[in-house]
Every structure is written in C-alpha cells, then in structure tokens.
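A short write-up of the structure that comes next.
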Amino acid sequence: MKNALHKAIAILAVSALVISCSKDDNEVITGTGNLGIEFDNAFGTNDLILNTQANTTSNNEVLKISNIKYIISNIVLTKEDGTIFTYPKSESYFIIDEADPTSVVAELENVPAGNYTKVKFGIGVDQAQWELGATGQGDLATRAQAAGMLWSWSAGYKFVVFEGTFTSATVTDSTPFMVHTGQTATDYNYTEVTLDLPTKAMVRTTISPEIHVVSDVSKIIDGTYKIKLSDNNMGGMGAMIMGGTNLPLITANLNGMFTVAHVHND
Amino acid sequence: MKTKQLLLLILPLFVSCSNDSDDTYQNIPLEFKVPSNFPPPTYNFAANPLTEKGFELGKKLFYDGRLASDGIVSCGFCHEQANAFTHHGHTLSHGVGNGVGTRNTPSIQNLGYQTSFMYDGATTHLDLQPIIPFTNPVEMNGDFTKAITMMKADASYQKLFKIAFANGQINAENMLKALGQFMVSITSSNSRFDKYRRHETGGTLTETELKGFAVFNAKCTSCHATDLMTDNSFRNNGLAVNQAINDVGRYKVTLLAVDKYAFKVPSLRNIAKTAPYMHDGRFGTLEAVLNHYATGVENSATLDPLLKQNQKLGIALSETDKIQLIAFLETVTDTEYLTNKRFSEY
C-alpha cells in the first residue's frame with residue numbers, strides 16, 4: 001500500500017516533469033530568429049570551379065563557366081504544422097553570384113521561431129511585381145545594376161546569367177556562350193521551386209539554422225530539356241541565348257536545379 | 001527626479017514638433033484630371049499615388065545632369081519642353097561623350113494613357129522606363145549606386161525624399177516613382193483642337209482646318225486613333241529600311257517575324273513642334289511625312305495592310321488634302337503645355 005502510494009506519487013511526479021518539460025518546449029518556440037539559405041553551386045556531382053575547370057554535359061559539350069548569377073525572390077517557409085511564413089516580398093530579393101562569396105547566403109531576419117520543413121522560392125522577379133512598376137523594389141535596381149543583372153534595354157532584370165566558353169565536336173575552338181533569362185514579350189520566364197528539408201530547420205531566438213542548397217548549374221541547359229550550345233552558335237560569334245523559344249525551356253529546367261543537401265541547426 | 005520625469009515626457013513632444021517642420025512626409029495629393037475628350041488612363045495610380053512633393057522631386061531628378069556619368073546629360077537635355085519634350089534639330093539622340101543613339105527623341109505628354117513605351121515598346125511600365133535612358137551608355141550612362149550616393153550627400157535631395165515618400169528613403173524605388181509621378185503629370189490637353197472637341201471658348205477651327213480634320217478622320221485615324229491620336233499598336237508604316245541602322249523595331253522585343261520593322265504608332269499631339277519625324281528622325285517637315293504616305297510607302301512582308309488596300313500602296317492624298325491636313329495638325333499645338341512653368345526647369 002505504502003509502496004503503491006510511493007509508486008503513484010513517483011508516477012505523478014515524473015509525469016508532471018514530462019508535462020512541464022514538454023510545456024517548456026512549447027514555450028521556447030516563441031519570438032523570432034534568423035535563417036540562412038546557402039546556395040552552393042555545383043556542376044553535376046562536382047563543386048563548381050569558375051573559369052578553369054572543364055565540365056562536360058550529356059551532349060558532350062565541354063564548358064568552362066565564368067559567371068553564374070541568379071535572382072532569388074518570394075521566399076516562403078512552411079512549418080511542421082503546415083503554417084506558412086511568407087518573407088516580406090520587398091526584402092526577399094537576393095542576388096546570388098558565385099564570384100562573390102558574400103552573396104551566396106540569403107540571410108533572412110525576423111523569422112518566427114518554429115520547426116520548418118519546406119522552403120519555396122522564386123528564380124527571377126515575378127509578374128505581379130513587374131506590373132507594379134518600381135513600387136516595392138526598394139534598392140533592387142541598384143543592386144542588380146552593380147551585379148550586372150539589370151536587363152537595361154527593357155528596364156527589367158536578368159533572372160539567370162550563365163556565361164563562359166565551350167567546345168564540342170562541331171565547335172572546336174573555344175567559343176563564348178551567354179545564357180540570360182528574363183521577361184520577354186512572349187514569355188515571363190519566372191519560376192518557383194519548393195524543396196522539402198531532410199531535417200527540420202529549427203529557428204529559435206538562439207538558433208539560426210542554415211539550409212544548404214546545392215544548385216546544379218548543369219541543369220540550366222542539360223536538364224529535362226537538353227539545349228546544345230553548338231546549335232545556338234550564330235555565325236560562329238558565340239552561343240547567345242537571351243530570348244526566343246529556348247528561354248521557357250531553360251526556365252523549366254531550373255525546377256530541377258536545386259536540392260537541399262542538409263540543414264545546420266546551430 | 002521629478003523634473004527628469006517631466007523632461008522625459010516633454011522631450012518626445014519637442015522631437016515630434018521639430019519633425020513636423022520641413023522634413024516629414026507631406027502627403028499633398030495631386031489630382032490627375034482626365035479631360036473629357038480623352039480615353040481612360042492606363043497608369044496604376046494606386047501603386048504610386050501622385051503627390052505634390054513626389055512631382056517636385058521627380059522634376060528635380062528629370063533636370064539633374066548629375067545623374068549622368070558626365071554630370072551634364074539630364075533627361076531634360078534630350079527632352080526639351082519648348083519642343084514638346086523632344087530634342088529639336090537632332091535626328092538621332094546624342095548623350096554623354098557625344099555617343100549617338102539609334103532613335104529620335106519622342107515627346108513626353110499624356111504618358112498615363114499609353115500601354116508601352118519606346119518605339120518598340122521595350123517596357124510597359126512608366127515608372128521603370130527611366131532605367132533605360134539612365135543606364136544606356138550612349139544616353140546618360142548612369143550608375144544607380146553613384147547616383148544614390150550623390151543624392152544622399154545632397155541637402156535638397158535629403159529633404160525632398162523625406163517629404164515626398166512616407167518611408168523617406170533615398171533609393172532606386174523612390175527615385176523611379178518620383179520620375180514616374182512627374183512624367184505622368186505632364187498633360188497636354190488644351191490645344192485649340194481640344195477646346196473645339198470639348199465645345200469650349202477658343203475652340204473654333206477654320207474651314208481649312210475642319211476639312212483637314214475630315215481628311216484625318218478618313219485616312220489616318222485607323223492608326224492615329226482617339227483624341228490622343230494613337231491606338232498604342234505597333235505597325236510598319238512603309239518606311240524604307242534605313243540600312244545604316246537597320247532598326248528592326250518591335251521585332252527586337254517579340255522576335256516575331258510579323259513585327260519586323262513595326263514601330264509604335266506615335267501620338268501626333270504637338271506634332272508641329274516635334275520635327276524631325278519618325279523613329280530615326282528621317283523627315284524634316286510634315287510635308288515630307290505626307291509625301292511619304294502619298295507616294296513613298298515601300299512594300300514589304302510586314303507592311304501594314306491598311307497601307308496596301310485595293311492593290312495600291314500608301315494613302316491617296318491630293319495637294320489640297322495635304323494643305324488641309326497640315327493646317328489641321330497645327331491645331332493640336334498646345335501652347336499652355338509647351339510653356340507651363342510647372343513642367344519647366346526654371
């Protein structure tokens with residue numbers, strides 16, 4: 001009897017502890033914190049090395065890449081309970097530039113504390129923003145011009161810049177290529193990707209997780225749609241893809257370019 | 001202790017008082033009046049509400065050569081008010097370092113009714129349009145970072161941005177919105193022709209002018225439609241290709257074969273003030289323009305069908321038609337707009 005009472009008390013005590021523990025847990029998840037999304041550019045399974053490294057596509061074209069830049073926007077985070085946090089649109093524009101190491105992490109501030117399981121972002125500047133004109137763009141034009149991402153002749157933005165030189169069976173001399181996507185009169189060329197996180201990103205006032213995204217830039221021309229630079233080598237001057245029917249295909253390819261490798265919670 | 005508390009209470013009052021002076025946002029709405037003879041505007045006023053101070057800032061920016069790489073070429077350098085904001089005497093524009101562009105400077109008037117800008121419609125939003133001349137190496141060759149730095153160090157810009165925008169920030173967004181507010185406010189609606197259309201005093205047209213209006217209605221309004229004299233479309237009006245430039249027009253934007261050599265149908269308002277004419281400024285006089293339509297139209301795959309009706313190229317115009325047309329076109333000159341101090345540099 002005494003024993004049983006002791007047991008009961010012990011159980012009560014333990015369960016009280018458990019309850020209060022889990023309660024404590026709940027209480028910790030308040031406030032806001034920071035979250036970083038790192039864009040780690042790769043070519044296939046290799047890390048991307050600018051200028052010097054030769055990279056081969058499935059079409060047996062050999063690329064040396066001098067520039068890879070893209071505009072990230074409209075970042076939306078989903079919590080484990082399904083609630084959604086939309087990062088303020090006008091602050092969501094990040095220009096990722098492989099040549100500028102300070103640019104490759106999109107640093108989000110004032111993110112509500114919580115356990116996040118999904119991230120969604122846009123590549124480019126969306127049509128709703130376009131239709132608003134300058135409203136909501138903040139200093140984007142300034143940053144874009146500094147990064148060479150202003151599509152000046154049409155007062156727009158380059159969404160993706162992918163440049164370098166290439167050779168192939170038919171183009172034996174090293175020849176420049178330039179792929180620029182952005183709005184054209186026929187296609188908007190903005191797209192969004194949603195990525196599941198392999199482990200939760202646990203944003204706390206004291207924890208700033210970093211989502212490590214690998215961006216396989218080979219997918220730009222060598223994804224669902226295969227675009228041969230050699231076929232676009234106009235008059236031997238170089239492969240310049242900045243409009244026309246290839247842009248929507250390249251835009252579709254971007255959906256397969258990003259994967260989340262891991263999440264750091266510290 | 002007590003006095004300290006009192007001070008703490010009073011201090012914010014002082015602060016807010018001094019804030020109230022010259023340097024806070026002044027939301028003095030600027031009315032956009034749509035003249036009764038104009039079609040509805042296209043500009044999104046909700047996204048960039050017009051205010052008196054936004055207009056003022058936009059005007060300062062428009063006339064400030066310091067935005068350009070040479071410190072001289074402002075928007076107003078090429079867009080001169082007395083010539084309906086065109087560059088008088090220049091066939092092609094020329095900007096910093098005497099760089100020569102490929103197109104003639106069009107007028108700035110009633111832009112809030114247009115659906116696209118530039119001869120090829122390269123952009124569809126008036127607030128974004130300034131990015132094109134501002135960054136173009138042969139126009140202003142400007143750099144946003146430098147321009148923002150210049151303005152942040154300038155007392156009058158510091159003040160103007162604060163009073164023109166609620167967030168007071170000196171950035172590209174507010175710079176572009178101010179330019180948009182200034183440009184959209186530049187209305188030309190008080191020519192003798194407008195007064196005639198609205199049955200207002202001073203709105204009398206002579207017999208010759210009225211006959212010219214009749215010819216215009218019969219032969220020109222299929223493209224130069226409404227009292228704004230444009231249907232906002234892109235068309236090939238049969239100009240011989242200028243091989244020195246080979247400007248493909250709308251094709252540059254759409255890459256559609258049908259758009260080769262198509263250019264935006266320009267408004268003809270204040271046309272007597274905007275010589276030379278056409279996208280490359282090839283015609284020096286209105287007579288030359290009419291002679292083009294009468295006898296100079298070149299056939300091509302993309303020539304507008306309206307200019308080859310009944311197996312005949314161009315528009316039949318007698319010498320009398322031409323005289324009457326020109327007399328009519330001179331009635332759309334709006335002196336009030338050409339001399340309005342609100343739009344001028346000084």
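Working only within region B:141-161, note down all residues that are of a type in the set (A, V, I, L, M, F, W, C) and either open to solvent by 10 Å² or more (accessible area, probe 1.4 Å) or within 9 Å of chain A (Cβ to nearest Cβ) (or both).
Of everything in region B:141-161, those that are of a type in the set (A, V, I, L, M, F, W, C) and either open to solvent by 10 Å² or more (accessible area, probe 1.4 Å) or within 9 Å of chain A (Cβ to nearest Cβ) (or both) turn out to be B:144, B:147, B:148, B:150, B:153, B:155, B:160.
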Suppose we filter region A:182-193 for residues that are β-branched (Val, Ile, Thr) and within 14 Å of chain B (Cβ to nearest Cβ); how many remain? 2
Taking the condition away from chain A (no Cβ under 14 Å) and over 30 Å from residue B:163 (Cβ atoms), does residue B:189 pass? no
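Residue check: is residue B:146 over 27 Å from residue B:256 (Cβ atoms) and touching an Asp or Glu at 6+ places or on another chain (Cβ under 6 Å)?
Working: over 27 Å from residue B:256 (Cβ atoms): yes; touching an Asp or Glu at 6+ places or on another chain (Cβ under 6 Å): no.
For residue B:146, the condition - over 27 Å from residue B:256 (Cβ atoms) and touching an Asp or Glu at 6+ places or on another chain (Cβ under 6 Å) - is not met.
Quick check on my filter: what residues within region B:144-166 are among the hydrophobic types (A, V, I, L, M, F, W, C) and assigned to a loop (DSSP other than H, G, I, E, B)?
Taking region B:144-166 first, the residues among the hydrophobic types (A, V, I, L, M, F, W, C) are B:144, B:147-148, B:150-151, B:153, B:155, B:160-161, B:163-166.
If the condition is that a residue be among the hydrophobic types (A, V, I, L, M, F, W, C) and assigned to a loop (DSSP other than H, G, I, E, B), then B:153, B:165, B:166 are the ones that fit.
Taking the condition in contact with a Gly (Cβ under 9 Å, 6 or more places away or on another chain), open to solvent by 60 Å² or more (accessible area, probe 1.4 Å) and within 14 Å of chain A (Cβ to nearest Cβ), does residue B:181 pass?
no
Can you find even one residue in region A:40-50 that is in contact with a Pro (Cβ under 6 Å, 6 or more places away or on another chain) and touching a residue at least 60 places away in the same chain (Cβ under 8 Å)? Break it down stepwise before answering.
Residues of region A:40-50 that are in contact with a Pro (Cβ under 6 Å, 6 or more places away or on another chain), as a first pass: none.
No, there is no match, as no residue in region A:40-50 is in contact with a Pro (Cβ under 6 Å, 6 or more places away or on another chain) and touching a residue at least 60 places away in the same chain (Cβ under 8 Å).
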For region A:92-109, does any single residue satisfy the condition of being assigned to a strand (DSSP E or B), crowded, with 16+ Cβ neighbours inside 10 Å and within 14 Å of chain B (Cβ to nearest Cβ)? yes
Within region B:215-226, does at least one residue satisfy the condition of being open to solvent by less than 60 Å² (accessible area, probe 1.4 Å), touching a strand residue (DSSP E or B) at 6+ places or on another chain (Cβ under 8 Å) and not assigned by TED's automatic domain parsing to the domain that holds residue B:105? yes
Complete set of residues in region A:157-169 that are within 14 Å of another protein chain (Cβ to nearest Cβ) and either part of a loop (DSSP other than H, G, I, E, B) or surrounded by fewer than 16 Cβ atoms within 10 Å (Cβ to Cβ) (or both): A:158
Any hit, region B:189-196, residues being touching a strand residue (DSSP E or B) at 6+ places or on another chain (Cβ under 7 Å), modelled with pLDDT of 95 or more and open to solvent by less than 20 Å² (accessible area, probe 1.4 Å): no
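Would you please name the residue that is most open to solvent (accessible area, probe 1.4 Å), looking only at residues in region A:145-156 that are of a type in the set (Gly, Ala, Ser) and facing chain B (nearest Cβ under 7 Å)? Let's see the steps before the verdict.
Our first condition is that a residue be of a type in the set (Gly, Ala, Ser); within region A:145-156, this holds for A:146-148, A:152, A:154-156.
Among the residues that remain, those that are also facing chain B (nearest Cβ under 7 Å) are: A:146, A:152, A:154-155.
Values: A:146: 79, A:152: 37, A:154: 11, A:155: 1 Å².
That would be A:146.
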So which strands (runs of 3 or more DSSP E) are wholly in region A:170-249 and hold at least 1 residues that are under 30 Å from residue B:121 (Cβ atoms)? A:175-181, A:191-203, A:239-241
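If only one of A:216, A:196, A:222 is surrounded by fewer than 16 Cβ atoms within 10 Å (Cβ to Cβ) and away from every other protein chain (no Cβ under 14 Å), which one is it? Walk me through how you get there before you give the answer.
Working: A:216 fails: surrounded by fewer than 16 Cβ atoms within 10 Å (Cβ to Cβ); A:222 fails: surrounded by fewer than 16 Cβ atoms within 10 Å (Cβ to Cβ).
From the options A:216, A:196, A:222, the qualifying one is A:196.
Kindly indicate whether residue A:233 is crowded, with 19+ Cβ neighbours inside 10 Å, at pLDDT below 95 and more than 14 Å from every other protein chain (Cβ to nearest Cβ). Reasoning before the result, please.
On the way: crowded, with 19+ Cβ neighbours inside 10 Å: yes; at pLDDT below 95: yes; more than 14 Å from every other protein chain (Cβ to nearest Cβ): yes.
Yes.
Each row is one residue, and each column tells you yes or no for (1) open to solvent by less than 20 Å² (accessible area, probe 1.4 Å); (2) in contact with a His (Cβ under 6 Å, 6 or more places away or on another chain); (3) without any contact (Cβ under 8 Å) to a residue 12 or more places away in the chain.
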residue	(1), (2), (3)
B:279	yes, no, no
B:289	yes, no, no
B:302	no, no, no
B:306	no, no, no
B:309	no, no, yes
B:312	no, no, yes
B:322	no, no, no
Please verify whether region A:125-144 includes one or more residues that are more than 14 Å from chain B (Cβ to nearest Cβ), among the aliphatic types (A, V, I, L, M) and in contact (Cβ under 8 Å) with a residue 12 or more places away in the chain. no
Residues of region B:231-247 being within 15 Å of residue B:304 (Cα to Cα) and open to solvent by 20 Å² or more (accessible area, probe 1.4 Å), which ones? B:231, B:232, B:233, B:234, B:235, B:237, B:239, B:240, B:241
Count of region B:215-237 residues which are in contact (Cβ under 8 Å) with a residue 60 or more places away in the chain and more than 24 Å from the chain's Cα centre (by Cα): 2
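The values are calculated or read from the model by the stated rules, or taken from the named source; none is laboratory data. Every value quoted in this text rests on a predicted model; they were computed, and no experiment measured them. All Cβ positions, glycine included, derive from the backbone under ideal geometry; neighbour counts span all protein chains shown. Calculation scope for accessible area: heavy atoms of the full protein, side chains included, ligands and nucleic acids excluded. Shrake-Rupley method; radii C 1.70, N 1.55, O 1.52, S 1.80 Å.
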